[in-house]
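What follows is a set of notes on a single structure, which appears directly below.
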Amino acid sequence: MKRAIDKLVPEPRTATGEGIFTALQAIATTGAVMGGGDGPPPARIVLESDGKETVPPDLESPRGAFTAARAAKDQGVPISTISFGTKDGMVTVDGDSIPVPTDDASLARIAELSGGQTFRAGSLDELNRVYSTLDQQIGYQVVRGDASAGWIALGALALALSVGAGILINRRLPG
């Protein structure tokens, strides 16, 4: 994940809806490739943004963030949003300073529409606390189980077959 993030190149536009639709497509593809089970694998989208969608300008448009959030809810994929930034935030793209104030209301609405949760992080420490909370909620655990039952059954079957073969071939028990 870190390598993928390090390769990102900032653009002067934010297409939140497209990002959500892309994540939903990736989830569907993963489910199709993995197969098995009744329905798609459990999934959740974590959307970190300043919250201001600029492309398309209408969040309710067919490719807008609110439309995408409803599609996520229809597919059973909640979106946890993280509003990251400040009201006076600025980024520099190609030498130009662009204001990027947070739009907490849009991100909260995306989370609400999809059945997810919303978080706010104004600093790196706050963001790390949010990540820790999300890790506890949506992380996974590897639980080791006892796998000996199958091997014991296989061993008992092999023993029974060898006794049966010994009786049939030699007319006596192996020994």
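Roughly how big is region 28-99's charge dipole about its Cα centre, with Cβ charges of +1 (Lys, Arg) and -1 (Asp, Glu), in debye to the nearest 20?
Around 280 debye, computed over region 28-99.
Might you work out the accessible area of S97 for me, using a 1.4 Å probe with all protein chains in place, and round it to the nearest 10 Å²?
Accessible area, nearest 10 Å²: 80 Å².
Full-extension gain between S162 and Q75, please, as 0.36 nm times their residue separation minus the C-alpha to C-alpha distance.
Result for the pair: 26.0 nm of gain on full extension.
Which trypsin sites (Lys or Arg not before Pro) in region 81-175 pass both tests, a DSSP loop state and at most 13 other beta-carbon atoms within 10 Å?
Here the sparse-neighbourhood loop sites are K87, R144, R171, R172.
Which percent, nearest 5, of DSSP beta bridges in region 1-104 are antiparallel?
Antiparallel: roughly 45 percent of the beta bridges in region 1-104.
Straight-line reach from K7: which aspartates and glutamates fall under 13 Å, measuring Cα to Cα and dropping same-chain residues less than 8 apart?
Filter leaves no residues.
Which percent, to the nearest 5, of DSSP beta bridges fully inside the chain are antiparallel?
Antiparallel: roughly 30 percent of the beta bridges in the chain.
Bin width 5 Å, origin at 0, all Cα-Cα pairs of region 45-104: what percent of pairs per bin?
4, 17, 19, 24, 18, 10, 5, 2, 0
Just from its helices, what would the mean residue ellipticity at 222 nm be for the chain, if runs of 4 or more DSSP H residues each count -39500 (n - 2.57) and the sum is divided by every residue, rounded to the nearest 500 deg cm²/dmol?
Helices in the chain give a 222 nm mean residue ellipticity of -15500 deg cm²/dmol.
Only sites in a loop by DSSP and with at most 13 other Cβ atoms within 10 Å count here; which chymotrypsin sites (Phe, Trp or Tyr not before Pro) in region 76-175 make the cut?
Listed in order of number, the matching sites are Y140.
Please state, rounded to one decimal and in Å, the Kirkwood hydrodynamic radius that the chain gives when every pair of distinct Cα atoms enters the mean of 1/r.
19.9
Please state the shape class of region 67-156: rounded when a/c is under 1.5, otherwise prolate if a/b exceeds b/c and oblate if not, all from the C-alpha gyration tensor.
prolate
What's the angle, to the nearest 10 degrees (0 to 90), between helix 124-138's Cα axis and the longest principal axis of the chain?
40
Given the options S114, A153, P101, identify the residue whose Cα lies farthest towards the positive end of the charge dipole of region 62-175 (+1 on Cβ of Lys, Arg; -1 on Cβ of Asp, Glu).
Most positive-ward Cα: A153.
Multiply the residue gap between T22 and E60 by 0.36 nm, knock off their C-alpha separation, and tell me the result in nm, one decimal place.
Extra length from T22 to E60 when fully extended: 12.0 nm.
For V33, V77, V100, give me the order by solvent-accessible area with a 1.4 Å probe, most accessible first, ignoring ligands, DNA and RNA.
Descending accessible area places them as V33, V100, V77.
Evaluate the charge dipole of the chain about its Cα centre and quote only its size in Debye, nearest 20, assuming +1 on the Cβ of each Lys and Arg and -1 on the Cβ of each Asp and Glu.
Its charge dipole is roughly 1200 debye.
The values are calculated or read from the model by the stated rules, or taken from the named source; none is laboratory data. Just so it is clear, the model here is predicted, and its values are computed rather than measured. With ideal geometry, Cβ positions are generated from the backbone for all residues, glycine too; neighbour counts draw on all protein chains shown. Areas reflect the complete protein model, heavy atoms only, side chains present, ligands, DNA and RNA absent. Shrake-Rupley method; radii C 1.70, N 1.55, O 1.52, S 1.80 Å.
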